[in-house]
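Chemist: Here you go, one structure.
Derivation of every value follows stated rules applied to the coordinates shown; laboratory data play no part. Keep in mind it's a predicted model, so treat the numbers as computed, not measured. In this analysis, Cβ positions are derived from the backbone assuming ideal geometry, glycine residues included, and neighbour counts consider all displayed protein chains.
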Amino acid sequence: MAHTDHRQIEYLLYEYARRVDAGDFTGVGTMFEHGTFGTGDARLAGREIADVLRSTVILYDDGTPRTRHVTTNVAIEVDGDNATAVSYFTVLQSMPDGAIQTIVAGHYEDAFERAEHGWRFTSRIVHSNLVGDVSAHLTVNPFT
C-alpha cells in the first residue's frame, strides 16, 4: 500500500505543476479546497488561491503563463492517513522571442491527508530561494 500512497502523492505534486503551467488556476484552487497554500505566515485557503493566481500571473495569447514548473528531489513520508513531502521546484519561462530562462527556484513543504477518494493537499508552503527576473511572469514582484 505504501508504494501506491507514494505514487498518488507524487501525482498531486506533478498535477499542481501541470495545472499552473496550463493556466488552469481554477483547477489549482480545487486541489487546495481542503488546504492552505502560501509562504510563511501568508496563507490562502481553497479558491482564494485561484483568485490570487488570476490577478497576479501573466497569461499569454495561448492562455498559459509560458512556464514549466519542474519538480525534483521528492521525499515523501507516509504516516497512516497523513503524509508530508519536501521537493525542489524550478520554474522555466519561454518568451515569444524564444528565450528560455529560469525565473525562480526553491522548495515546497507539503502536507497531505488520506480522504475517501485518495490523497489531498492540506498545506503547501513555498520557499522561493533563488529568484530571477519575474517581470514577464507576475504583475507584482512579491520577492522584493
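Chemist: Would you mind putting 92-101, 57-66 in packing order, based on average other-beta-carbon counts within 10 Å, highest first? Kindly include the intermediate steps, with their values, before the conclusion.
Modeler: Working: 92-101: 11.7, 57-66: 14.0.
Highest to lowest by the protection proxy: 57-66, 92-101.
Chemist: I'd like the antiparallel share, as a percent to the nearest 5, of DSSP beta bridges with both residues in the stretch 2-131.
Modeler: Details: 40 of 43 bridges.
Once the DSSP bridges in the stretch 2-131 are tallied, antiparallel ones form about 95 percent.
Chemist: For every other residue with a beta carbon closer than 13 angstrom to the beta carbon of Gly80, add +1 if it is Lys or Arg and -1 if Asp or Glu, then tell me the sum.
Modeler: Details: positive: Arg114; negative: Asp5, Glu77, Asp79, Asp81, Glu113.
Result for the local shell: -4.
Chemist: Moving on to the next point. Calculate the length of the line joining the C-alpha centroid of the stretch 102-139 to that of the stretch 35-77, in whole Å.
Modeler: Rounded to whole Å, the Cα centres lie 6 Å apart.
Chemist: Can you give me the angle between helix 2-22 and the longest principal axis of the chain, using Cα atoms only, in degrees from 0 to 90, rounded to the nearest 10?
Modeler: 20 degrees
Chemist: Moving to a separate point now. Name the residue farthest towards the positive end of the dipole of the stretch 33-140 from the options Trp119, Val78, Thr39, assuming +1 on Cβ of Lys and Arg, -1 on Cβ of Asp and Glu, about the Cα centre.
Modeler: Farthest towards the positive end: Thr39.
Chemist: Averaging sequence separations of C-alpha pairs under 8 Å and six or more residues apart, then dividing by the length of the chain, give the relative contact order as a whole percent.
Modeler: On the way: 278 pairs, mean separation 33.6, N = 144.
Over the chain, the number comes to 23 percent.
Chemist: For the stretch 14-92, what does the alpha-carbon gyration tensor say about shape, rounded, prolate or oblate, given a ≥ b ≥ c as the root eigenvalues, a/c under 1.5 as rounded, and a/b over b/c as prolate? It would help to have the intermediate numbers written out before the result.
Modeler: Values: a/c = 2.10, a/b = 1.40, b/c = 1.50.
Oblate.
Chemist: So between Tyr88 and His3, what do we pick up on full extension, going 0.36 nm a residue minus the alpha carbon distance?
Modeler: Details: separation 85, 0.36 × 85 = 30.60 nm, distance 2.09 nm.
28.5 nm is the gain from fully extending Tyr88 to His3.
Chemist: Based on Cβ point charges of +1 for Lys and Arg and -1 for Asp and Glu, what charge dipole magnitude is obtained for the chain about its Cα centre, in debye rounded to the nearest 20?
Modeler: Values: 11 positive and 20 negative charges, 42 e Å.
Dipole size: approximately 200 debye.
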